[in-house]
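Below you'll find the structure, written out as structure tokens, and then a few comments.
The values are calculated or read from the model by the stated rules, or taken from the named source; none is laboratory data. Since the structure is predicted, the reported quantities are computational estimates derived from the model, not experimental observations. Quick reminder, even Gly has a Cβ in these numbers, built from the backbone with ideal geometry, and neighbours come from all protein chains shown. Heavy atoms of the whole protein, side chains included, go into the accessibility calculation; ligands, DNA and RNA do not. Shrake-Rupley method; radii C 1.70, N 1.55, O 1.52, S 1.80 Å.
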Amino acid sequence: MHRCPFALVTLALTLLSGCGASPFSREGGAVKPLTAHAVEWNHAHADVGPVRAVADSGDTVVLFGDGQATILAGGAVVAIDRSVTRWAAAGTVPAADGNGTWIIGVDAAGRVLRLRNGSAFEPVSDRWGLGRDRVLGVTAIGPTTAGFLLASELAVADGHQVTRYPIGPLQSLSGGGGRAALVGDSLRVFEPQQRTARAFTLPEPAALGVMSVGGRLFAATREAVYGEDDSGNLALRFEAPGPTIHGLAAAGERVWFADGAELGTLEKSLVRETTGAKLAANARLVGSPSGDVWALAGDRDLLRFSADPGVAPGWDEAMAPVFERSCAACHRSGGSAGVDLSTREAWTAKREAIQARVVVDRSMPPTGHALADADREAIRLWLAPTP
């Protein structure tokens, strides 16, 4: 175990004046229908025990519960770690050593542990200088920046130092695009590079707040969902018939919300909602990097949903993240494969070849280069004809 190599700094947030009260507006049109189907994520239907949290990094999924953490790869259980009696939170964050990302679990005592070698968890609080703290939550703020929710502070690790910001109690923390969404006695967006926080005002207190991968703020009250527009203000995106909204999650550039028994999505200017999804009224939502969403209700009710495309997503939203994760090493311009797939135009021109090799016969990527099932499914959906 290495001690945290980072410098520790304590700074106060600067609340921006002049824009603390962000106006909100109504935009968008009618809510369109959404078809969301359940995804089989546990092929052998193995008993995973009570689930408190889930972390999804693509091919690897970890379910955190009482008495065990269950590790799945490709839909099959590959390991079970019983070293922690009770888990409290989880997430996927940039690694403390700068080498990729770590799947992180937080136990009931506030210790941070990371999945090592895809099979077991080891304590890593000291890697970030948090050995004496009780951590309540974790999030990835940016590609190299992780955020840790403490009792009355936000700790931000940027790969060089850990900076603590005394911010008071928070209900939730979410990050993306170099920004963090903070929900407490107010709704704020924190930008670590500027060390500033901006407050947003809604007609009623925000119960949930998430940051998309691209760094846009989304927030929900019990009766409405709001999204940050191009001017940096919150616009009303969806209004429920009553106080029925109980879940909000960012999954790539898609945002999911739970409205009573139904699921909804926000994708650019489009708002869609299911009919007859029969979602549990107490379900919590957790986004997947594939664009899917996990719904956790109670201890053992864990479902994963995928949205059928109503309007085919653009290449930048749907395929660029998959390309960067799984194809870029060989298929950049001038790459070793000799085939440039770094643009929408290239994918469109080679649509049939990609479908044949990636979706049908699965000969790509070649042996030794993994492609997560969720990413292969995202490719299939993008290649499918628009209905």
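What the table below lists for this structure:
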quantity: Qualifying trypsin sites (Lys or Arg not before Pro) for region 180-240 [loop in DSSP, other Cβ within 10 Å: at most 16]; calculated: R195, R222
quantity: ³J(HN,Hα) computed for each position of region 62-77 - Karplus, 6.51 cos²θ - 1.76 cosθ + 1.60, integer Hz, glycine/proline x; calculated: 10, 9, 9, x, 7, x, 6, 10, 9, 9, 10, 9, x, x, 10, 5
quantity: Built amide H within the under 5 Å cut-off of A240, gap 5+; calculated: A224, V225
quantity: Neighbourhood net charge (13 Å Cβ-Cβ; Lys/Arg +1, Asp/Glu -1) for A120; calculated: +1
quantity: Ordering of 76-82, 361-367, 121-127 by burial proxy (mean other Cβ atoms within 10 Å per residue, highest first); calculated: 121-127, 76-82, 361-367
quantity: Full-stretch length increase - T367, S269 - with 0.36 nm per residue and alpha-carbon distance subtracted; calculated: 31.3 nm
quantity: For A251, distant residues with modelled amide H under 5 Å away; calculated: W256
quantity: About the Cα centre, charge dipole magnitude for the chain (Lys/Arg +1, Asp/Glu -1 at Cβ), debye; calculated: 560
quantity: Cα-Cα P(r), region 58-192, percent of pairs per 5 Å interval; calculated: 2, 11, 21, 23, 20, 13, 7, 2, 0
quantity: Charge dipole (debye, nearest 20) of region 71-210; +1 at Cβ of Lys and Arg, -1 at Cβ of Asp and Glu; calculated: 80
quantity: Convex hull of region 251-387 built on C-alpha atoms - directionally averaged projected area, nm²; calculated: 9.4
quantity: Environment charge at R188 (Cβ cut-off 11 Å; Lys +1, Arg +1, Asp -1, Glu -1); calculated: 0
quantity: K350/A30 FRET efficiency (R0 35 Å; Cβ-Cβ; nearest 0.05); calculated: 0.45
quantity: Selection from A30, L285, G368 lying farthest towards where the dipole of the chain points positive, charges on Cβ; calculated: G368
quantity: Nonlocal amide H pairs with A89, under 5 Å, H built at 1.01 Å; calculated: V106
quantity: Mean accessible surface per residue for region 259-368, computed with a 1.4 Å probe while every protein chain stays in place, in Å²; calculated: 50
quantity: Net charge of neighbours whose Cβ lies under 14 Å from the Cβ of N99, counting Lys and Arg as +1 and Asp and Glu as -1; calculated: +2
quantity: Å³ per residue enclosed by the Cα convex hull of the chain; calculated: 149
quantity: Whole-Å distance, taken between Cα centres, linking region 316-332 and region 259-305; calculated: 26
quantity: Contour excess over end-to-end distance, with Cα ends at L236 and E204 and 0.36 nm allotted per residue; calculated: 10.3 nm
